[in-house]
Amino acid sequence: MSKDQQKKVDIGGQAVLEGVMMKAPEYIAIAVRRPNGDIVVKRESHQSPAKKHKWMGWPFIRGAVNMALMLKLGMQVLEDSSTMLGESEEPDKLEKWLEKKFGTKAEKVMMGIAMALAVILSVGLFVLLPNLPAKALRQAGWSLTSVNLISGLIRTAILLAYLWIVGLQKDMRRTFQYHGSEHKTVYCHEHELPLTPQNAQKFSCLHPRCGTSFLLLTFILSIVFYSVIDQVILNTTGFDLGQNYLMRILTRLLLLPLVAGIGYEALKALAHAETPLTRALRWPGMQLQRLTTRQPTDEMCEVAIVAMNAALHGLPEGETTPEGWVLLPKEAA
């Protein structure tokens with residue numbers, strides 16, 4: 001892929017432990033800064049599922065595919081960044097037991113457990129809990145639309161509270177700074193400026209294609225979507241999803257991929273259009289990013305730039321570690 005072609009595609013990323021992951025169409029790269037100031041960077045090929053299965057790239061389907069992929073990839077790169085930092089910790093009892101039980105597959109088992117717990121927590125907080133008042137509200141005479149609006153507001157309030165509480169932790173504040181450096185570097189690349197910390201710092205920490213915006217946009221669209229679905233089911237079958245908690249939860253879980261697909265298409269459409277209307281529609285999501293980003297230092301932007309260059313152009317020259325990573329000494333980074 002030529003340099004000009006690369007500039008036309010969306011480059012995404014993610015903050016990791018003391019670093020940044022950047023994802024280009026064919027490669028992902030992770031760069032982290034070790035406690036001694038050195039930067040270590042790795043690069044590996046990455047193929048979109050849509051290249052193997054065209055239907056996974058279809059509109060509204062690709063959003064659900066992307067959500068599942070980013071959950072898996074996100075967990076993996078966080079684990080990778082922890083290893084790259086070079087700070088070994090004594091394994092706890094569970095890790096020792098898994099290593100004894102599964103041997104070399106223990107790491108994958110741990111990742112599977114972590115992903116399962118993340119999914120369970122998400123379902124509990126954003127599906128089970130917000131829908132608890134539905135039956136009582138329906139019995140009190142509230143309309144399905146009103147019930148879904150209340151559920152959506154509860155879901156959004158939980159999200160805001162969760163992000164605010166997480167941001168109080170010192171380690172997470174640093175991760176949010178790296179999140180800001182990722183956004184600034186992506187902006188710098190999109191504006192075709194030389195990738196330097198000074199150029200990157202000119203841009204905002206808030207980016208229209210951020211996953212934080214995706215969450216809020218999906219939450220808002222779900223209120224409208226579920227209200228329509230609930231009303232259609234009520235009118236055609238007479239079954240009131242507001243009165244049956246288990247069926248209500250089941251429909252939410254089954255339709256979640258479609259809701260994610262709609263949110264993904266809306267996010268891409270709003271991100272690539274510059275009109276007063278699209279700017280107004282994406283404004284709430286951009287403001288929510290103030291909870292998940294912080295102003296980065298030049299050194300953090302430097303790490304994000306190393307990751308961006310590696311994802312687009314290959315690993316830099318430097319000392320190679322036994323794992324195949326490139327080590328950039330503090331003076332050379």
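The values are calculated or read from the model by the stated rules, or taken from the named source; none is laboratory data. Everything quoted here is computed from the prediction, not taken from an experiment. Neighbour counts are summed over all protein chains in view; Cβ atoms, including those assigned to glycine, are modelled from backbone coordinates with ideal geometry.
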(message) Take the conditions of a type in the set (Val, Ile, Thr), within 21 Å of residue 292 (Cα to Cα) and in contact (Cβ under 8 Å) with a residue 60 or more places away in the chain and apply them to residue 212. Does it pass?
(response) yes
(message) Just the residues that are touching a residue at least 24 places away in the same chain (Cβ under 8 Å) and surrounded by fewer than 16 Cβ atoms within 10 Å (Cβ to Cβ), please, taken from segment 266-275.
(response) none
(request) Determine whether residue 37 is more than 22 Å from residue 313 (Cα to Cα) and out of contact with any Gly (no Cβ under 9 Å at 6 or more places or on another chain). (result) yes
(request) Being assigned to a strand (DSSP E or B) and either β-branched (Val, Ile, Thr) or loosely packed, with under 15 Cβ neighbours inside 10 Å (or both) is the filter here, so list the residues in segment 25-63 that pass it. (result) 28, 30, 32, 39, 40, 41, 44, 45
(request) Please enumerate the residues belonging to segment 127-150 that are of a type outside the set (A, V, I, L, M), loosely packed, with under 14 Cβ neighbours inside 10 Å and either touching a residue at least 60 places away in the same chain (Cβ under 8 Å) or in a helix (DSSP H, G or I) (or both). (result) 139
(request) Examine segment 300-308 for a residue that is charged (D, E, K, R), under 20 Å from the mean Cα position of the chain (by Cα), surrounded by 20 or more Cβ atoms within 10 Å (Cβ to Cβ) and in a helix (DSSP H, G or I), and state whether such a residue exists. (result) no
(request) Being assigned to a helix (DSSP H, G or I) and either loosely packed, with under 14 Cβ neighbours inside 10 Å or on the phi > 0 side of the Ramachandran plot (or both) narrows it down to one of 124, 86, so name that one. (result) 124
(message) I'm told residue 213 meets every condition in (1) closer than 20 Å to residue 268 by Cα; (2) among the small types (Gly, Ala, Ser); (3) over 15 Å from the mean Cα position of the chain (by Cα) except one. Can you identify the failing condition by its number?
(response) (3)
(request) Return the residue satisfying two criteria in turn: it lies in segment 4-24 and is at pLDDT below 90 and either part of a loop (DSSP other than H, G, I, E, B) or in contact with a helix residue (DSSP H, G or I) (Cβ under 6 Å, 6 or more places away or on another chain) (or both), and of such residues it is surrounded by the fewest Cβ atoms within 10 Å (Cβ to Cβ). (result) 8
(message) Where the second residue is in a helix (DSSP H, G or I) and not acidic (Asp, Glu) and the first is buried (at least 24 other Cβ atoms within 10 Å of the Cβ) and lies in segment 165-182, which pairs have Cβ atoms under 6 Å and are six or more apart or on separate chains?
(response) 178/300; 181/300; 181/301; 181/304; 182/304
(message) Looking only at segment 8-65, how many residues end up being closer than 24 Å to residue 207 by Cβ and of a type in the set (Ser, Thr, Tyr)?
(response) 2
(message) For segment 269-290, give me the residue count where each residue is part of a helix (DSSP H, G or I), more than 28 Å from residue 175 (Cα to Cα) and polar (S, T, N, Q).
(response) 1
(message) Suppose we filter 78, 153, 98 for residues that are closer than 30 Å to residue 303 by Cβ, of a type outside the set (Lys, Arg) and assigned to a helix (DSSP H, G or I); which single one remains?
(response) 78
(request) Taking residue 67 as the residue in question, decide whether it is of a type in the set (A, V, I, L, M, F, W, C), at pLDDT 85 or above, assigned to a helix (DSSP H, G or I) and under 30 Å from residue 327 (Cβ atoms). (result) no
(request) Go over the candidates 98, 94 one by one and state the one that is surrounded by 15 or more Cβ atoms within 10 Å (Cβ to Cβ) and either at pLDDT below 85 or acidic (Asp, Glu) (or both). (result) 98
(request) Just need a number here: residues in segment 276-286 that are in contact (Cβ under 8 Å) with a residue 40 or more places away in the chain and either surrounded by fewer than 17 Cβ atoms within 10 Å (Cβ to Cβ) or under 20 Å from residue 126 (Cβ atoms) (or both). (result) 2
(request) Would you please name the residue that is farthest from the chain's Cα centre (by Cα), looking only at residues in segment 221-248 that are surrounded by fewer than 17 Cβ atoms within 10 Å (Cβ to Cβ), touching a residue at least 40 places away in the same chain (Cβ under 8 Å) and assigned to a helix (DSSP H, G or I)? (result) 234
